[in-house]
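Undergrad: Pasting a structure below so you can have a look.
The values are calculated or read from the model by the stated rules, or taken from the named source; none is laboratory data. None of the values given here were measured: they were computed from a predicted structure. Positions of Cβ are backbone-derived with ideal geometry, glycine not excepted, and every protein chain shown enters the neighbour counts.
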Amino acid sequence: MTAPTPAAVLWDMDGTIVDTEPYWMRAETELVSEHGGTWTHEQGMQLVGSGLVQSAMILQEAGVALSVDEIIGTLTDRVMEQVAVELPWRPGARELIGELRAAGIPIALVTMSIRRMALQVAAAVGDGAFDVVIAGDDVEHPKPHSQPYLLAAERLGVPIGDCIALEDSQFGLTSAIASGAAAIGVPLHLPLPEGPTHELWPTLEGRSITDLSAALERHHHRATGVTS
């Protein structure tokens, strides 16, 4: 019996399609330093995958004397400047997106970066590559809440339980699992926990729609308590 094809594939951006986390950390370090504080690599890693409002509040606690909106705008500007120079692609991401597009399977970008940066990366992937873009300023509840993934499925008009969600961070993976999507973690800067609620893939390189379909079938088996 052929495994079901995903109704849609929902992509995290930072760390999953592109590795912009070092850009964010550089921007954070510079901003804190400009306000007389210090910012360590370990502090930066704690923000990976979280919403920008929460990150901005933590930067305020580190001494940045700007409003939340000012911090978000400043960080985004600085990261976008670096992205314009070089966009560090994650292995296999563009190839898998291309295969999904060729097969007519809807895809969405689900990121906690603000929309103007999400659209910059989406345009670099390819004109009209994503059917839906959900950014951090589109949701009331950022990752690790389920709202970003649920909203993506709603706007695509597909059942979330028939979608694949690809994530690299703990916050993002928690969001994807909570939404009911078939969650696949592809860890980058930090390890992700193993567990019965999701799968872990070391890389997207060499992965295909066949692999995604098999993962969706395993997700359905887990959801119904059926063992294969």
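Undergrad: Return only the number of the condition from (1) more than 20 Å from Leu188 (Cβ to Cβ); (2) assigned by TED's automatic domain parsing to the domain that holds Asp211 that Gln170 does not satisfy.
TA: It fails just one condition, (1).
Undergrad: Search the stretch 104-118 for residues being under 17 Å from Pro6 (Cα atoms) and part of a loop (DSSP other than H, G, I, E, B), and hand back the single one that is farthest from the chain's Cα centre (by Cα).
TA: Gly104
Undergrad: With respect to Glu167, determine if the residue is surrounded by fewer than 19 Cβ atoms within 10 Å (Cβ to Cβ) and of a type in the set (Asp, Glu).
TA: no
Undergrad: Looking at the stretch 135-149, is at least one residue among the basic types (Lys, Arg) and farther than 21 Å from Asp14 by Cα?
TA: no
Undergrad: Got at least one residue in the stretch 145-164 being in contact with a Phe, Trp or Tyr (Cβ under 6 Å, 6 or more places away or on another chain), closer than 22 Å to Pro91 by Cβ, in contact (Cβ under 8 Å) with a residue 40 or more places away in the chain and not in a helix (DSSP H, G or I)?
TA: no
Undergrad: Sort out which residues of the stretch 60-91 are touching a His at 6+ places or on another chain (Cβ under 9 Å) and hydrophobic (A, V, I, L, M, F, W, C), and write them in order of number.
TA: Passing the criteria: Ala62, Val64, Ala65, Leu66.
Undergrad: Something else about it: Starting from the stretch 36-56, take each residue that is assigned by TED's automatic domain parsing to the domain that holds Met25 and list its partners that are exposed (fewer than 15 other Cβ atoms within 10 Å of the Cβ) and modelled with pLDDT under 90, counting only C-beta distances under 7 angstrom and pairs at least six apart or across chains.
TA: Final answer for the pair search is Met45/Leu190; Val48/Leu190.
To keep it simple, each residue is scored yes or no on (1) assigned to a loop (DSSP other than H, G, I, E, B); (2) outside the structural domain of Thr111 (by TED's automatic domain parsing); (3) in contact with a Pro (Cβ under 8 Å, 6 or more places away or on another chain); (4) modelled with pLDDT of 95 or more.
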| site | (1), (2), (3), (4) |
| --- | --- |
| Ser175 | no, no, yes, yes |
| Ala178 | no, no, yes, yes |
| Thr203 | yes, no, yes, yes |
| Arg207 | yes, no, no, yes |
| Leu216 | no, no, yes, yes |
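Undergrad: Any idea how many residues of the stretch 100-123 are in contact with a strand residue (DSSP E or B) (Cβ under 8 Å, 6 or more places away or on another chain) and either outside the structural domain of Thr174 (by TED's automatic domain parsing) or free of Cβ contacts under 8 Å to residues at least 60 places away in the same chain (or both)?
TA: So the answer is 4.
Undergrad: So, one more: Any idea which residue in the stretch 29-45 is surrounded by the most Cβ atoms within 10 Å (Cβ to Cβ), counting only those that are modelled with pLDDT of 95 or more and assigned to a helix (DSSP H, G or I)?
TA: Leu31
Undergrad: Next up: Look through the stretch 1-19, keep the residues that are within 22 Å of the chain's Cα centre (by Cα), β-branched (Val, Ile, Thr) and surrounded by fewer than 22 Cβ atoms within 10 Å (Cβ to Cβ), and return whichever of them is farthest from Glu95 (Cα to Cα).
TA: Filtering the stretch 1-19 for residues that are within 22 Å of the chain's Cα centre (by Cα), β-branched (Val, Ile, Thr) and surrounded by fewer than 22 Cβ atoms within 10 Å (Cβ to Cβ), the one farthest from Glu95 (Cα to Cα) comes out as Thr5.
Undergrad: Taking the stretch 121-159 as the region of interest, how many residues are under 12 Å from Val110 (Cβ atoms) and among the aliphatic types (A, V, I, L, M)?
TA: Counting residues in the stretch 121-159 that are under 12 Å from Val110 (Cβ atoms) and among the aliphatic types (A, V, I, L, M) gives 11.
Undergrad: Next question. Can you give me the ranges of the helices (runs of 4 or more DSSP H) entirely in the stretch 46-103 with at least 3 residues that are at positive phi and crowded, with 18+ Cβ neighbours inside 10 Å?
TA: It comes to none.
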